[in-house]
2 protein chains.
Amino acid sequence: LVIFELTLVAAEKTLIERIRRFALQSRNRAVVRGIGDDCAILRPSRGHELLVTTDFSIEDVHFRRQWHTARSVGHRCLARGLSDIAAMGGEPLACFLSLGLPPKLPQRWADEFLQGLSRLAKSYGVQLAGGDVSASHKVTADIMVVGQVPAGEAVLRSGARAGDLIYVTGELGSSAATLKQLLAGRKIRPSIGSRHFFPDPRLNAGAWLRRHALPTSMIDLSDGLSIDLGHICEESGVSAIIDAKRIPVARNSTLDLALHGGEDYELLFTASVKARIPAAIGGIKVTHIGSVAKKDYRSAIRILDENGRARALRPLGWQHFRA
Amino acid sequence: LVIFELTLVAAEKTLIERIRRFALQSRNRAVVRGIGDDCAILRPSRGHELLVTTDFSIEDVHFRRQWHTARSVGHRCLARGLSDIAAMGGEPLACFLSLGLPPKLPQRWADEFLQGLSRLAKSYGVQLAGGDVSASHKVTADIMVVGQVPAGEAVLRSGARAGDLIYVTGELGSSAATLKQLLAGRKIRPSIGSRHFFPDPRLNAGAWLRRHALPTSMIDLSDGLSIDLGHICEESGVSAIIDAKRIPVARNSTLDLALHGGEDYELLFTASVKARIPAAIGGIKVTHIGSVAKKDYRSAIRILDENGRARALRPLGWQHFRA
């Protein structure tokens, strides 16, 4: 309960009621009891382990209200968590939303946020099973997603071995290209097909790969290829070499943005050279972009440039584009 | 990743490293994999269901930095979630912390917050298994606690039946009495024994009651007796009558604060008249305060005052004390 800003109690009750209504739109049978008691109760399938991930979405940090519609913010908020479940090869079951809203925010904003979130939840059979509400200075959404995976089958970041090949799903750099335009002051109307405004988490591809026991390691591309491939190298104790010519750069983007831009929410994975990786999974392209090598203390990642020359690829991330 | 406030990226890495270090202090064997991959992996005990609860703690809403030490804020943050697990009769396994900090907050504050949180986590064997960090305008902590309970045994709010007796653990009104003094401008040094600054969640009592199949319904007293008993009445479709003379009012408090003050984090439960409820569970007093009656559309809760007269008890909550 809000103890200091007491006028908000009534507004919170209204918000909780609205969340409950949205929660009814998508059910998952693993949820024995959703909103309405001290805790939600989940019953995962027999022989499965639970996956848990939490992600903040904070106004002016992760989104801007003048750039992102409420529907896009709600969608992106849940997509981040679902993408983490995808990266383990898991199946999402339920989500929990802690939502802090400024007292003066129009109720319509909250409704459209919940619409964006629940449309995505519904499309993957995820139940909104609980959460909390509060007053806050800026819009603050914390999403927790609980998923499941057969025991022992979760795909970790730590299984890449020297000699493995490196793959990505989809195309890279599209989200960063949009963000760059927004930062440059261009007005862009959020469209459903946009990888920046409405990223589709690669749940089907992730689960398909795990079911076929193909990836030796996997991660989702949230921070950018140069950073996220670095995580795999660090956790697996290996290095990587990627080929600039092979990177699937999105049509609206550039190689630089594809290498360092975040929020593509594609999957990056490694697999044995013997593994038969299809060219597409459920309509999502899969591209071989490089290979894993032994640990290299000088540089975790090297890239073969367009002229075939190898150079170190620093984990720059988005800050690279600022200057 | 923070995409707009790029100078924070380094500060966040430091914070994540600190959280990782605190996370190592308390382990739970249900946590197969904690911080360090896309998701945490949990393996609940066979035949158990999962309990999930999330609670916001926001600066100037749930606490004030001039009143509450960082250790108290960290402790209270986790205690809220653990208390929800207690109210289901569950056993906590892991917690997940999303922590938003103002860029100018001293690092010491974050450290002491984590100390307060991890000391409580350790005392109940709860592992900090994941989370997220971000910049934020005010200190914003969202805690998610995952626990387990044997399948079908979780104690709900909805099982109270007419004729049942109503019980509470511990004493009531102490936290609100402290808050009232703080609001009146008194300086109070947070001490470990304080129910306001360092509430001890009633996990042992809740699990004991559930193991002995005693409660027909249970809730934790976070919003205040008049509100939380109202939740039981609503979910169970019953009414309640309580006896003012029986309410275990804390020494520093008043009947009014015991009835309407929040954040006592004691357990409120109902049990059959035939159930043998002990006078104390693990050193925590248990008091019979009233009984459950059939649904009454005029008032969900009635109270017998000191003169034995029954009157309706409105679910006032904390706002009652403001005027």
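Values quoted throughout were computed directly from the atomic coordinates according to the rules given, and no laboratory measurement underlies them. Source: prediction; values computed, not measured. For neighbour counting, all protein chains shown are included, and Cβ atoms are generated from backbone atoms with ideal geometry for every residue, glycine included.
Remarks
- Eigen-decomposition of the gyration tensor built on the alpha-carbon atoms of the protein assembly as shown gives equivalent ellipsoid semi-axes of 47, 25, 22 angstrom, largest listed first.
- Reported to the nearest whole Å, the Cα centre-to-centre distance from the range A:115-148 to the range B:253-323 is 34.
- Placing a pseudo-label 7 Å from each Cα along the Cα-to-Cβ vector at B:TRP208 and A:ALA213 gives an inter-label distance of 4.9 nm.
- 5 Å-binned pair-distance histogram of the range B:193-276 (Cα, whole percent): 3, 13, 22, 25, 21, 12, 3, 0
- Per-residue Cβ neighbour rank within 10 angstrom, fewest leading, A:ILE277, A:ILE301: A:ILE277, A:ILE301
- Of A:LYS295/B:LYS138; A:LYS122/B:LYS122; A:LYS138/A:LYS187; B:LYS245/B:LYS274, those spanning more than 31 Å from alpha-carbon to alpha-carbon: A:LYS295/B:LYS138; A:LYS122/B:LYS122
- As a proxy for reagent exposure, ranking A:THR14, B:THR140, A:THR169 by other Cβ atoms within 10 Å from fewest up yields A:THR14, A:THR169, B:THR140.
- Fewest neighbouring Cβ atoms within 10 Å first, the residues A:SER191, A:SER174 line up as A:SER191, A:SER174.
- Applied to the range A:227-243, the Karplus parametrisation 6.51 cos²θ - 1.76 cosθ + 1.60 on θ = phi - 60° returns per-residue 3J(HN,Hα) values of 7, 6, 5, x, 4, 4, 4, 5, 5, 8, x, 9, 10, 9, 10, 10, 10 Hz, with x for Gly and Pro.
- Listed by chain and number, the aspartates and glutamates whose C-alpha is less than 15 Å from the C-alpha of A:LYS104, apart from same-chain residues fewer than 8 away, are A:GLU5, A:GLU12, A:GLU59.
- Convex hull volume per residue, computed on the Cα atoms of the range B:78-172, equals 146 Å³.
- Across chain B the C-alpha pair distances fall into 10 Å bins from zero in the proportions 6, 26, 31, 23, 11, 3, 0 percent.
- The range A:215-323: proportion of alpha-carbon pairs further apart than 16 angstrom, %: 59 percent
- Each residue of the range B:169-176 was assigned a 3J(HN,Hα) from its phi angle through the Karplus curve 6.51 cos²θ - 1.76 cosθ + 1.60 (θ = phi - 60°); the sequence is 8, x, 10, 10, x, 5, 4, 5 Hz, with glycine and proline shown as x.
- Amide H contacts under 5 Å for B:ILE289, placed H, 5+ residues apart: B:ILE166, B:TYR167, B:VAL168
- Build a GNM of chain A with springs between Cα atoms under 10 Å apart, and of A:ALA184, A:ALA40, A:ALA11 the one that fluctuates most is A:ALA184.
- A crude spin-label estimate for the pair B:VAL32 and B:GLN107, with each label 7 Å from Cα along the Cβ direction, gives 3.6 nm.
- Expressed as a fraction of 2.2 N^0.38 Å, the value expected for a compact globular protein of N residues, the C-alpha radius of gyration of the range A:148-239 is 1.29.
- Calculated FRET value between B:GLU234 and B:ILE284, using beta carbons and R₀ = 22 Å, to 0.05: 0.25
- Ellipsoid equivalent to the range B:178-232 - semi-axes via the Cα gyration tensor, in Å: 29, 16, 4
- Candidates B:HIS288, B:HIS212, B:HIS196: whichever shows maximal mean-square fluctuation once chain B is modelled as a Gaussian network with Cα springs under 10 Å: B:HIS212
- Furthest towards positive pole of dipole, A:ILE227, A:GLY163, A:ASN204, structure part the range A:114-256, Cβ charges: A:ASN204
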